[in-house]
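A short write-up of the structure that comes next.
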Amino acid sequence: MPNFKNPTVGFVTNFASALLALLVLCSASRGQTLTPVAYNNPDLVVDLGVGLWAWPLPMDYDQDGDLDLVVTCPDKPMAGTYFFENLEGNVRLPIFRPGVRIAESARNVQISYVDGKPRVLMPAREYSSFLSQGFETSHKLPLHGKLNQPGKFRANQWKWADYDGDNRLDLIIGLGEWTEYGWDNAYDSEGNWMRGPLRGRVWWARNIGSNEKPNFDTPVRLEADGKAIDVYGMPSPNLADFDADGDLDLICGEFLDGFTWFENLGTRTQPKLAAGRRLSFQGEPLRMDLQMIVPVAIDWDRDGDYDLIVGDEDGRVALLEHTGKVVDHMPQFRPPVYFQQQAEYLKSGALVTPVSFDWDHDGDSDLVCGNSAGYVELFTNLGGQPAKWSRPERLEADEKTIRIQAGPNGSIQGPAEAKWGYTTLSIGDWDHDQLPDLIVNSIWGKIEWYRNTGTRTAPKLAAAQPIEVAWQAEPPKPAWNWWDPEPNHLVTQWRTTPLIVDFNADGLNDLVMLDHEGFLAFYERTRDSKGQLELQPGKRIFVDESGQPVQLNKKTAGSSGRRKLALVDWDGDGRLDLLLNSKSCDWMRNLRNEGENIVLKEMGPLSERVLAGHTTSPTTVDWNHDGIPELLLGAEDGRIYHQERITKSE
């Protein structure tokens with residue numbers, strides 16, 4: 001009978017006495033502050049980054065003669081504007097200090113350079129004293145904040161530029177519209193998106209006043225080759241003389257990962273833009289690693305041409321260096337190189353999903369993490385107390401970097417999520433060969449197994465293969481999936497953790513996870529008549545105190561799934577409890593067995609600190625070696641937060 005006792009994989013704490021168990025229970029929901037885990041590695045450099053979504057403002061913030069990076073981040077828990085100091089002066093790729101928060105967060109913040117000076121704008125507003133006062137003071141610009149346009153907008157980007165060469169600063173405005181897209185659950189049975197695309201339109205508001213007292217004509221949409229410009233959302237328009245022919249050209253970003261080049265075929269005073277082309281280098285389109293990109297044009301390396309500084313969804317910032325060459329009427333930018341900073345806190349992209357495990361079998365616990373980009377990354381524990389950590393290493397399978405992505409139709413929320421993967425994972429010996437394997441879920445909801453074909457000290461992963469179940473009929477799937485699972489395959493709700501655990505203590509590792517309807521289910525492992533391992537269909541044996549099956553997510557389509565889980569004896573009574581994502585982390589206590597069922601009780605949050613706008617992801621550690629599990633929580637900003645336990649009244 002399942003009893004949550006003595007699993008072969010998972011953290012279980014055995015206490016010597018019921019008294020100690022009671023003591024821990026009384027204080028189990030209390031803890032010190034959740035704090036980010038530090039690298040403790042002074043010589044290490046890592047990718048520069050803020051939390052989810054980087055909006056870069058390259059400028060000489062400290063006025064010491066070189067360009068620094070100011071980066072604003074609008075998302076929890078790192079919402080704010082951060083100053084990354086350039087430590088090496090006027091070099092192409094300087095190392096930066098860790099970011100220091102200098103201001104509140106800001107949405108749709110953009111930087112323009114006028115006469116060599118930075119000008120910071122948000123919709124219909126300028127922050128003319130940004131260097132000294134941040135976003136505390138501003139003045140309004142005489143235009144409607146959405147240009148009186150109807151629709152649903154998620155990008156509204158304003159910049160100064162003298163577009164028509166009359167020595168008066170105009171406004172160039174990029175609007176990213178989502179009205180036609182609709183966001184969720186709109187595929188036909190063949191996987192074709194049946195709603196509209198994202199729209200990314202660029203407007204010109206001509207200044208008919210003066211630079212000191214601007215007054216703007218009715219904004220008009222910019223055209224290219226006689227047609228209104230319309231890129232795939234979030235246009236991030238940048239006007240500059242990119243091809244060095246004396247007039248202003250246009251480069252736009254988008255909500256995905258690429259750039260569109262619009263050459264000015266006219267003159268400085270009578271611009272005429274050519275049809276857009278994908279910005280390419282050596283015949284290959286330039287692409288960022290992730291999406292929701294924010295490009296800013298500036299002569300970063302001060303060599304006389306305009307480079308691109310580009311923010312990514314996972315908080316990193318990259319340089320696309322202008323080579324100074326123009327090929328086939330297109331400026332040539334090198335592929336993105338991500339800036340580096342002195343290592344401060346562990347960070348794995350965004351929406352990190354950590355698992356604590358001794359991956360290299362050297363006696364300490366490492367961290368294996370999924371993230372929004374679809375990678376699986378390893379932080380190696382280099383020893384010490386507190387631990388010293390390596391920079392993240394992207395794990396490979398079959399000698400290729402693991403990266404799961406939605407592509408054009410793998411996300412229920414549509415093709416605008418093509419580059420996301422949302423990997424979430426568990427580690428355990430799935431084939432019982434004494435080597436730890438990975439089981440991974442993702443944006444697809446397909447449960448996949450990466451078999452370890454290496455050794456215990458040097459793991460090596462094979463290509464992914466599906467987890468199979470001995471279904472008695474067609475494999476179930478979420479009702480909104482446009483695609484059907486292959487025979488025997490396990491498909492469940494997207495972005496939910498698959499937990500490897502010998503749940504019934506029979507020596508075989510099982511799965512505990514959400515099923516296709518969002519109920520917490522037990523997938524039992526057995527052997528068939530030939531002794532082969534077999535996974536049985538999930539059973540809804542987890543119930544609440546009224547006897548109702550525990551459904552961790554009742555929502556549908558894009559709002560479904562999303563639950564990150566960990567099993568641990570949190571209160572020291574010898575029964576595995578459930579930790580699950582919330583604004584921080586919630587605890588469901590395992591009360592008792594009732595027949596074949598397990599009764600769970602909601603105990604509330606383990607911390608009051610809010611780490612999520614979307615989600616967190618729990619695991620546990622015992623870094624102080626006292627036999628009591630401590631909370632480790634992956635957050636939306638890609639950082640990993642640790643909370644000590646308080647085990648007695650103070």
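The values are calculated or read from the model by the stated rules, or taken from the named source; none is laboratory data. This one's a predicted model, so the numbers in the text were calculated from it and none came from an experiment. All Cβ positions, glycine included, derive from the backbone under ideal geometry; neighbour counts span all protein chains shown. The accessibility values were calculated without ligands, DNA or RNA, using every heavy atom of the protein model including side chains. Shrake-Rupley method; radii C 1.70, N 1.55, O 1.52, S 1.80 Å.
For the stretch 20-39, indicate whether the set of residues that are of a type in the set (A, V, I, L, M, F, W, C), modelled with pLDDT under 95 and part of a loop (DSSP other than H, G, I, E, B) is non-empty. For the stretch 20-39, residues of a type in the set (A, V, I, L, M, F, W, C), modelled with pLDDT under 95 and part of a loop (DSSP other than H, G, I, E, B): present.
Would you check if Phe135 is open to solvent by less than 10 Å² (accessible area, probe 1.4 Å), in contact (Cβ under 8 Å) with a residue 40 or more places away in the chain, in contact with a strand residue (DSSP E or B) (Cβ under 8 Å, 6 or more places away or on another chain) and not polar (S, T, N, Q)? When the stated conditions are applied, Phe135 does not pass them.
If the condition is being assigned to a loop (DSSP other than H, G, I, E, B), in contact with a Phe, Trp or Tyr (Cβ under 7 Å, 6 or more places away or on another chain) and either free of Cβ contacts under 8 Å to residues at least 12 places away in the same chain or on the phi < 0 side of the Ramachandran plot (or both), then the stretch 561-593 contributes Trp570, Arg575, Leu576. Has the stretch 88-110 got at least one residue that is surrounded by fewer than 20 Cβ atoms within 10 Å (Cβ to Cβ) and hydroxyl-bearing (Ser, Thr, Tyr)? No: zero hits. Filtered by the rule that a residue be outside any strand (DSSP E or B), within 25 Å of Pro336 (Cβ to Cβ) and out of contact with any Lys or Arg (no Cβ under 8 Å at 6 or more places or on another chain), the stretch 234-252 gives Ser236, Asp241, Phe242, Asp243, Ala244. Just one of the listed residues (Val543, Val599, Val550, Val621) is out of contact with any Leu (no Cβ under 6 Å at 6 or more places or on another chain) and hydrophobic (A, V, I, L, M, F, W, C), and it is Val543.
Scanning the stretch 611-650 for residues that are of a type in the set (S, T, N, Q), more than 16 Å from the chain's Cα centre (by Cα) and open to solvent by less than 20 Å² (accessible area, probe 1.4 Å) yields Thr619, Thr620, Gln643. Evaluating Lys213 against the criteria (1) surrounded by 17 or more Cβ atoms within 10 Å (Cβ to Cβ); (2) within 16 Å of Asn167 (Cβ to Cβ) leaves one unmet condition, (1). Pairs meeting the criteria (first residue in the stretch 620-647 and more than 17 Å from Glu608 (Cβ to Cβ) and polar (S, T, N, Q), second residue part of a strand (DSSP E or B) and at pLDDT 95 or above, beta carbons under 6 Å, at least 6 apart or on different chains) are Thr620/Val568.
For the stretch 364-377, the candidate set comprises residues that are open to solvent by 10 Å² or more (accessible area, probe 1.4 Å) and not aromatic (Phe, Trp, Tyr); within that set, the residue that is nearest to the chain's Cα centre (by Cα) is Glu377.
Consider the stretch 141-196 and keep the residues that are open to solvent by 40 Å² or more (accessible area, probe 1.4 Å) and polar (S, T, N, Q). The one that is nearest to the chain's Cα centre (by Cα) is Asn185. Consider the stretch 278-292 and keep the residues that are within 25 Å of Tyr422 (Cα to Cα) and either polar (S, T, N, Q) or open to solvent by less than 40 Å² (accessible area, probe 1.4 Å) (or both). The one that is farthest from the chain's Cα centre (by Cα) is Leu286. Would you check which residues across the stretch 430-460 are over 24 Å from Asn381 (Cβ atoms), of a type in the set (A, V, I, L, M, F, W, C) and open to solvent by 10 Å² or more (accessible area, probe 1.4 Å) and list them? Across the stretch 430-460, the qualifying residues are Trp444, Trp449. Selection of strands (runs of 3 or more DSSP E) fully inside the stretch 316-417 by the criterion of at least 2 residues being over 21 Å from Val440 (Cβ atoms) returns 317-320, 322-327, 330-333, 340-342.
Picking from residues in the stretch 596-610 that are open to solvent by less than 50 Å² (accessible area, probe 1.4 Å) and either in a loop (DSSP other than H, G, I, E, B) or among the small types (Gly, Ala, Ser) (or both), the one that is nearest to Pro77 (Cα to Cα) is Ser607.
Among the residues of the stretch 486-525, those that are of a type outside the set (S, T, N, Q) and under 19 Å from Gly414 (Cα atoms) comprise Val491, Trp494, Arg495.
Are any of the residues in the stretch 253-260 crowded, with 24+ Cβ neighbours inside 10 Å, more than 24 Å from the chain's Cα centre (by Cα), part of a loop (DSSP other than H, G, I, E, B) and not aliphatic (A, V, I, L, M)? No; the residues of the stretch 253-260 include none that is crowded, with 24+ Cβ neighbours inside 10 Å, more than 24 Å from the chain's Cα centre (by Cα), part of a loop (DSSP other than H, G, I, E, B) and not aliphatic (A, V, I, L, M). One residue is enough: does the stretch 548-555 have a residue meeting the conditions of a type in the set (Val, Ile, Thr), under 27 Å from the mean Cα position of the chain (by Cα) and crowded, with 17+ Cβ neighbours inside 10 Å? Checking the stretch 548-555: not a single residue is of a type in the set (Val, Ile, Thr), under 27 Å from the mean Cα position of the chain (by Cα) and crowded, with 17+ Cβ neighbours inside 10 Å.
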